[in-house]
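Below: one structure, written as structure tokens.
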Amino acid sequence: MNADSTLATASGQWIVVGAGSAGCVAAARLAEHDDRSVTLLESGPDLLPGRVPAAIAGPDFLAALDESDRVYGDLAVRRHAGAPPAPYPRGRGVGGSSAVNAMIGLRGDRAQYAAWGWDDVDEAWARTRIPIEVAACDELGVVDLALLAAAPDAAPAPLTRSGGRRVTSAEAYLWPARRRPNLVVTSGAPVDRVLFDGRRAVGVVLADGAEVAADRVVLAAGAIHTPAILLRSGVD
């Protein structure tokens with residue numbers, strides 16, 4: 001946040017790595033300024049209007065997770081030392097995990113954001129384009145209904161969808177911004193590492209060895225791949 005910071009107002013060539021939940025928003029908002037040229041790099045497939053797979057558009061996130069090429073099939077984690085590796089589902093492609101997650105739309109606690117020093121939470125919330133919808137009663141399962149009946153103050157979780165249809169961060173933020181001439185979205189372009197000139201990021205190196213120069217680099221590759229890119233870049 002903090003839109004008046006030097007970082008937020010810097011012009012020039014920007015690279016955003018990762019077109020997931022955060023990367024779509026970052027690239028779209030950076031491109032609102034005509035003095036910036038923004039390149040959004042995504043390792044997975046694109047997600048375009050009129051070509052969204054039915055499983056992603058629908059209400060069943062388990063079906064979305066089964067959509068070909070939309071998760072990292074080889075990603076695994078160990079839950080504790082000595083445990084066998086287990087699959088770790090993460091969204092892949094434009095839209096990232098917002099295209100395959102359970103669509104729980106919780107904004108968080110305004111007081112907690114304020115404690116972190118963010119003073120523009122209300123402004124940021126006012127600009128959000130992600131719709132919120134509560135599931136209909138006939139969509140709730142037996143366990144859902146039992147939990148609601150057991151606690152008078154309980155309520156169904158809000159979902160990031162509209163009319164029963166999932167709304168990803170790509171649809172909400174990136175699709176409108178793609179009309180801007182200063183935003184280029186490149187899918188199928190996994191980033192290997194960040195290029196540095198001393199301590200300053202000056203671009204990225206793709207997995208195929210190609211280099212892309214920039215004045216600023218924003219890493220938005222998720223909780224797993226962002227630190228992996230930093231480690232490969234020599235940032236520990």
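The values are calculated or read from the model by the stated rules, or taken from the named source; none is laboratory data. Remember, it's a predicted structure, so these values are computed and weren't measured experimentally. Note: ideal-geometry Cβ built from the backbone for every residue, glycine included; neighbour counts use all protein chains shown. Calculation scope for accessible area: heavy atoms of the full protein, side chains included, ligands and nucleic acids excluded. Shrake-Rupley method; radii C 1.70, N 1.55, O 1.52, S 1.80 Å.
Working from Cα pairs under 8 Å separated by at least six residues, relative contact order for the chain is 28 percent.
Mind checking the range 186-236 for trypsin sites (Lys or Arg not before Pro) that DSSP puts in a loop (not H, G, I, E or B) and that have at most 10 other Cβ atoms within 10 Å? Before the final figure, lay out the partial values.
On the way: sites: 193, 199, 200, 216, 232; in loops: 199.
Here the trypsin sites (Lys or Arg not before Pro) that fit, given the DSSP loop and packing criteria, are 199.
Amide H to amide H distances under 5 Å link residue 71 with 92, where only residues 5 or more positions off or on other chains count and H is placed in the peptide plane. In order along the range 158-167, phi translates into HN-Hα couplings of x, 10, 7, 8, 9, x, x, 10, 4, 10 Hz, rounded to whole numbers, per the Karplus curve 6.51 cos²θ - 1.76 cosθ + 1.60 with θ = phi - 60° and x for Gly and Pro.
Available extension along the chain between residue 155 and residue 111 is 13.7 nm, counting 0.36 nm per residue and deducting the alpha carbon span.
Comparing 20, 164, 12 in a Gaussian network model of the chain, where Cα atoms under 10 Å apart are tied by springs, the biggest mean-square fluctuation is seen for 12.
Could you grab the relative contact order for the range 30-123? Cα pairs under 8 Å, six or more apart, rounded to a whole percent.
Details: 99 pairs, mean separation 22.4, N = 94.
So the answer I get is 24 percent.
Computed from the coordinates I sent, log10 I(q)/I(0) by the Debye sum over Cα atoms at q = 0.09, 0.17 Å⁻¹ equals one of (i) -0.62, -1.22; (ii) -0.44, -1.39; (iii) -0.40, -1.62. Tell me the label. From the options (i) -0.62, -1.22; (ii) -0.44, -1.39; (iii) -0.40, -1.62, the structure gives (ii). In this structure the range 1-133 gives 55 Å² per residue of accessible area when probed at 1.4 Å with all protein chains present.
In whole percent, and with a 1.4 Å probe on the protein chains, what portion of the accessible area of the range 1-127 is carbon and sulfur? Could the numbers behind the result be given before it?
Numbers: 3680 of 6870 Å².
Answer for the range 1-127 is 54 percent, counting heavy atoms of protein chains only.
Taking loop as defined by DSSP and a crowding limit of 12 other beta carbons within 10 Å, which GluC sites (Glu not before Pro) in the range 32-105 fit?
Values: sites: 32, 42, 67; in loops: 32, 42, 67.
Taking the range 32-105 and a limit of 12 other Cβ atoms within 10 Å, the loop GluC sites (Glu not before Pro) found are 32.
Placing pseudo-labels 7 Å out from each Cα toward the beta carbon at residue 196 and residue 69 gives an inter-label distance of 3.4 nm. Look at where the Cα atoms of the range 61-114 and of the range 126-202 average out, and the two centres are 12 Å apart. Which percentage, to the nearest 5, of the DSSP beta bridges contained in the chain is antiparallel? Bridges in the chain are about 55 percent antiparallel. Available extension along the chain between residue 140 and residue 60 is 27.6 nm, counting 0.36 nm per residue and deducting the alpha carbon span.
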